[in-house]
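A short worksheet on the structure shown next.
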Amino acid sequence: MPPTPIAFGTSGWRGILGDDFTCFNLRRVTRAVARHFCRETLNRPPRIFVGFDTRFLSEHLALEVAAVLAAEGVKPVLATAFTPTPALAHTVIHRKFDGGINLTASHNPAEYSGMKLSTGDGAPATTEITRRVEALLNEIRDGSAPPPLHASKVKTFDPAPDYRKAVLKHVRSKIIARGKLKLVCDPVNGTGSGYLPPLLAPAKSLFTIRDQRDVTFGGHSPDCTEKQLSPLIREVRRRHAHLGLATDGDADRFGVVDQGGRFVPANWVLALIADYLLETREARLGIARTVATTRLLDDVAATHSVPLFETPVGFKHFRDLLVDGKALVACEESSGLSVAGHIPEKDGLLAACLVAEMVAYRRKPLHRLIEDLFRKTGPRYSRREDHRLNPEQTDEFRARMESPPETLAGKRVVELHRKDGTFLGFQDGSWLLLRLSGTEPLARHYAEARNLRDVGRLLDAARAIIPAS
């Protein structure tokens, strides 16, 4: 019987625990990863840092991964506790590991598990590298258990102290302290629980919810959408807090709730942070964004006379822009952000701290800051819709995207490209992007316009492109 096909998506390999994400398949993938790194380091055994999230069995799966790596001639080092993906990336860079593996399914529902793969520069593995791993996988049918590796025999490392110091190099904690902010933190039962509250400790008042491990995440996905953050919204209102700040399951994404319990979309948060950093930091570097991310960032870049860089979806595409010092800030629509001099990986913890600093510095709630930004750039509103597809629908959707209409929602298409999915730009500056998710069986529609009515019309038209089930 042939082994189960395994593929890496936009952000690693994910699957349903006990279905396609099994110990057998995890061993196969780990063997392929180990052999890739062994080929890269040639005459010495590579060192790999292994982390894990708060999901069911994650720490046991991490030990299994360490055992396979050791059997393949790799030197594994295991995290001492639940590990945010940005903390793992920082450790890989500053402790000079050859790569990192985080056992996490990020924001996916509780029934999922996954693996994120980092290279020695702390960045997510590129498509070229994951394809090499997939090619090695095709040669590996062995998913048997390696010789047992007792936890006491594995070297361990706590990434938290070094990582927290690294974040605070980019955050002005004294400004947060002077702002006398009342904050509510929400790690959504994920890995941010041991990291977010200590980073925001300078605030006048700090209250934390959902900071204990819960492998079911309270019956919700550990994500930072408005729906998933309803407990945070209620708590911000109840405590009359200035801000609610959240991170997702592996703390690489952020969520923000404004004074009064207003959820703030990630695109607006990203534009505000970019504008704030260009105003308060000395570096005159550019802004990087993915094709699916708001053009408010283009407006901010133009306001500050700095370059704008566009990439396909996936934080791995920002690596060179951040490492080579071309971009001050890298922004991804799905609540992803990092800054120059930090790590080439998205960091929800850093983003949350920067939001707190910005509100303390400008002494205004976020909805007032958005109004101020719109007065400079003009308004932009954006929405994303996800639609689950079966394999037949996926094939049909892909075919339909190859021949998009010349007009949509009464608007004429003036720009068409396929940098990632099918992008349709319209004469009035509005746009629509249709693409398949790289991590889940979903069609994703992104729309942006100068008013909410046009956003709704574009999404209505996009829904008609989805094949009937």
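Quick notes on this one:
- Computed E for Ser152/Lys419 - FRET, C-beta separation, R0 30 angstrom, nearest 0.05: 0.05
- Checked against a 30 Å cut-off, the cross-linked pairs Lys165/Lys376; Lys75/Lys174; Lys75/Lys165; Lys116/Lys227; Lys227/Lys316; Lys116/Lys204 give Cα-Cα distances beyond that limit for Lys165/Lys376; Lys75/Lys174; Lys116/Lys204.
- Taking the Cα atoms of the chain, the ratio Rg/Rh between the radius of gyration and the Kirkwood radius comes to 0.96.
- For region 169-377, the relative contact order comes to 22 percent (Cα pairs under 8 Å, sequence separation of at least 6).
- Of the two radii for region 169-377, the radius of gyration is 0.95 times the Kirkwood radius, both from the alpha carbons; that is the Rg over Rh value.
- The listed peptides 52-65, 333-346, ordered by packing as a protection proxy, come out as 333-346, 52-65 (highest mean of other Cβ atoms within 10 Å first).
- Length-normalised contact order of the chain in % [C-alpha pairs under 8 Å, at least 6 apart]: 13 percent
- Rounded if a/c under 1.5, otherwise prolate or oblate - region 412-460, Cα gyration tensor axes: oblate
- Residues whose placed amide H lies under 5 Å from that of Leu408, excluding near-sequence neighbours: Val413
- Label zone at Arg239 (point 7 Å along Cα-to-Cβ), backbone N below 12 Å, region 204-226: 204-211
- Note on region 381-463: Rg/Rh from C-alpha atoms, Kirkwood Rh, equals 0.95.
- Cβ crowding within 10 Å, taken as a proxy for footprinting-reagent exposure, orders Met115, Met401 from fewest neighbours to most as Met401, Met115.
- Ordering 202-214, 441-453 by mean Cβ neighbour count within 10 Å, with the highest value first, yields 441-453, 202-214.
- Diffusion coefficient, µm² s⁻¹, Stokes-Einstein with Kirkwood Rh over alpha-carbon pairs of region 1-65 at 10 °C and 1.306 mPa s: 119 µm²/s
- Remark: the Cα gyration tensor places region 154-249 in the oblate category, a/c being 1.5 or greater and a/b not exceeding b/c.
- Mean separation of Cα pairs under 8 Å and 6 or more residues apart, divided by the residue count, gives region 90-144 a relative contact order of 29 percent.
- Divide the volume of the convex hull around the Cα atoms of region 305-435 by the residue count and you get 164 Å³ per residue.
- For region 13-159, the alpha-carbon coordinates run over 39, 34, 32 Å along the three principal axes, in decreasing order.
- Whole-angstrom gap from region 370-422 to region 25-97, using each part's C-alpha centre: 38 Å
- Between Lys169 and Phe56, full extension at 0.36 nm per residue minus the direct alpha carbon distance yields a gain of 37.3 nm.
- Straightening the chain between His304 and Thr22 buys 96.5 nm, computed as 0.36 nm per residue apart minus the Cα-Cα spacing.
- Kyte-Doolittle mean at least -1.0 and Cα axial length at least 24 Å: DSSP H helices in the chain: 23-41
- Length released on extending from Asp142 to Glu385, taking residue separation times 0.36 nm less the Cα-Cα span: 83.5 nm
Every read-out reported here was derived from the displayed coordinates using simple, explicitly stated rules and does not represent laboratory data. Because the structure is a prediction, the values reported are computed rather than measured. Virtual Cβ from ideal backbone geometry, glycine too; neighbours counted across all protein chains shown.
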